[in-house]
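The values are calculated or read from the model by the stated rules, or taken from the named source; none is laboratory data. Source: prediction; values computed, not measured. Glycine gets a Cβ as well: all are built from the backbone with ideal geometry, and neighbour counts include every protein chain shown. Side chains included, ligands, DNA and RNA excluded: accessible areas come from the protein's heavy atoms. Shrake-Rupley method; radii C 1.70, N 1.55, O 1.52, S 1.80 Å.
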Amino acid sequence: MDQLIIAGNSYASRLLVGTGKYKDFEQTRSAIEASGAQIVTVAIRRTNIGQNANEPSLLDALPPSKYTYLPNTAGCYSADDAVRTLRLARELLDGHDLVKLEVLGDPHTLFPNVIETLQAAATLVKDGFKVMVYTSDDPIIARQLEDIGCVAVMPLASLIGSGMGILNPWNLQLILEKAKVPVVVDAGVGTASDAAIAMELGCDAVLMNTAVAKAQNPVLMAQAMRKAVEAGRDAFRAGRMPKKLYSATPSSPTTGLIQPQPSSPPRGRA
Amino acid sequence: MIALTINGERRDFEGPLTAAELIERLQLSGKRVALERNGQIVPRGTFPHERLAHGDRLEIVVAVGGG
């Protein structure tokens, strides 16, 4: 059985999805079910204090008994804020220690601040967290994050929410060549072919949110992404044929062809 | 009277006040929340004993949809 293994746990699905930007919890639930994802990211935010006591909860729509929650630090711009957020998450989720670390560099691009990310990763690993870390597609930083003890490195394919697809497959390949922990493409996937390409490159999984949530039909796109990740993974494992400009070896047999008719006089003449 | 800063908002309460009492007054009883007091996590099990003090800075969080 080909399974994704993260921090010792096995997952049949190699598609991880976010739970943000959906119209409502019903759409969130339907799309995530269609995606087949087992790991879902959630954000940690201040609760409203007393204004709306009956606000529905994400935990009701997506029961933590059914999904592996991956609390994230989206919106954090410093190592300190990210660490505090994940300590709150661990308390909130009864000691759950698998987390997604992301420390952003600026609100315009949402590009990661890798210096703060490295600091936060070191603190969190020391504190017993299993850290899946969002980072740039820099192979050196990816290796350092792995050396610190992160359980997965998650390079961007392009900017968060951009849907621009995989802009630098070569850097991803450099990361993949050396990584000993799962490599998860996080951010930038726009449509099914992007996810398939990431998997064909040999990535262990793909994490996405906007590509599904902001599709015209999120549930249908979730299904497309599930198929794309599965197809891409199968293609990677199957091993593609080499590329060549043209082929001198046709696919059909070169023998046993019928022969051209010998030239004969037209009928009806002597 | 004790003044607390909760999620960045100043609120005044009659003291003494425990974390458990605060959660109840904010109508958050039964909800899954996590509490940080002056930068330190307060485990849920200790809410009934955690006596809050004037000037405390509290963060009360929940899980929401996010990527």
- Task: Report yes if some residue within the range A:79-91 is part of a loop (DSSP other than H, G, I, E, B), more than 9 Å from chain B (Cβ to nearest Cβ) and more than 11 Å from A:Ile44 (Cα to Cα); otherwise report no.
- Result: no
- Give just the number: which of (1) touching a residue at least 12 places away in the same chain (Cβ under 8 Å); (2) within 23 Å of B:Ala34 (Cβ to Cβ) does A:Gln38 not satisfy? (2)
- Task: Would you check which residues across the range B:4-22 are touching a Phe, Trp or Tyr at 6+ places or on another chain (Cβ under 8 Å) and more than 14 Å from chain A (Cβ to nearest Cβ) and list them?
- Result: B:Thr18, B:Ala20
- Message: Every residue in the range A:53-78 that is within 11 Å of chain B (Cβ to nearest Cβ) and either at pLDDT 90 or above or touching a strand residue (DSSP E or B) at 6+ places or on another chain (Cβ under 8 Å) (or both), please.
- Response: A:Ser57, A:Leu58, A:Leu59, A:Leu62, A:Tyr69, A:Leu70, A:Pro71, A:Asn72, A:Thr73, A:Ala74, A:Gly75
- Pairs, please: C-beta under 7 Å, at least 6 apart or cross-chain, first residue in contact (Cβ under 8 Å) with a residue 60 or more places away in the chain and in the range A:1-22, second part of a loop (DSSP other than H, G, I, E, B) and charged (D, E, K, R)? A:Leu4/A:Arg14; A:Leu4/A:Asp204; A:Arg14/A:Asp204; A:Lys21/A:Lys214
- Please verify whether the range A:220-234 includes one or more residues that are surrounded by 13 or more Cβ atoms within 10 Å (Cβ to Cβ), out of contact with any helix residue (DSSP H, G or I) (no Cβ under 6 Å at 6 or more places or on another chain) and over 30 Å from A:Lys23 (Cα atoms). yes
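Return yes when A:Gly50 is part of a loop (DSSP other than H, G, I, E, B), at pLDDT below 95 and open to solvent by 40 Å² or more (accessible area, probe 1.4 Å) and no when it is not.
Working: part of a loop (DSSP other than H, G, I, E, B): yes; at pLDDT below 95: yes; open to solvent by 40 Å² or more (accessible area, probe 1.4 Å): no.
Judged against the criteria, A:Gly50 is not a match.
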- Out of the range A:112-162, which residues are more than 14 Å from every other protein chain (Cβ to nearest Cβ) and part of a strand (DSSP E or B)? A:Lys130, A:Val131, A:Val133, A:Thr135, A:Ala152, A:Val153, A:Pro155
- Message: Being open to solvent by 40 Å² or more (accessible area, probe 1.4 Å), farther than 17 Å from A:Val189 by Cα, of a type outside the set (Phe, Trp, Tyr) and away from chain B (no Cβ under 12 Å) is the requirement here; does A:Ala12 meet it?
- Response: yes
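Assess whether A:Arg45 counts as being within 13 Å of chain B (Cβ to nearest Cβ) and free of Cβ contacts under 8 Å to residues at least 12 places away in the same chain.
Working: within 13 Å of chain B (Cβ to nearest Cβ): yes; free of Cβ contacts under 8 Å to residues at least 12 places away in the same chain: yes.
It is true that A:Arg45 is within 13 Å of chain B (Cβ to nearest Cβ) and free of Cβ contacts under 8 Å to residues at least 12 places away in the same chain.
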- Message: I'm trying to understand the selection: among the residues of the range A:191-216, which are within 14 Å of chain B (Cβ to nearest Cβ) and buried (at least 20 other Cβ atoms within 10 Å of the Cβ)?
- Response: A:Val206, A:Leu207, A:Met208, A:Asn209, A:Ala211, A:Val212, A:Ala213
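In the range A:93-104, which residues are surrounded by 24 or more Cβ atoms within 10 Å (Cβ to Cβ) and within 10 Å of chain B (Cβ to nearest Cβ)? Let's see the steps before the verdict.
Within the range A:93-104, the subset surrounded by 24 or more Cβ atoms within 10 Å (Cβ to Cβ) is A:99-103.
Scanning the range A:93-104 gives A:Lys100, A:Glu102.
Quick check on B:Gly39: is it closer than 30 Å to A:Lys214 by Cα and not aliphatic (A, V, I, L, M)? Spell out how you get there, then give the answer.
Working: closer than 30 Å to A:Lys214 by Cα: no; not aliphatic (A, V, I, L, M): yes.
Spelling it out, it is not the case that B:Gly39 is closer than 30 Å to A:Lys214 by Cα and not aliphatic (A, V, I, L, M).
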- Query: Of the residues in the range B:40-60, how many are within 7 Å of another protein chain (Cβ to nearest Cβ) and either assigned to a loop (DSSP other than H, G, I, E, B) or in contact (Cβ under 8 Å) with a residue 40 or more places away in the chain (or both)?
  - Reply: 3
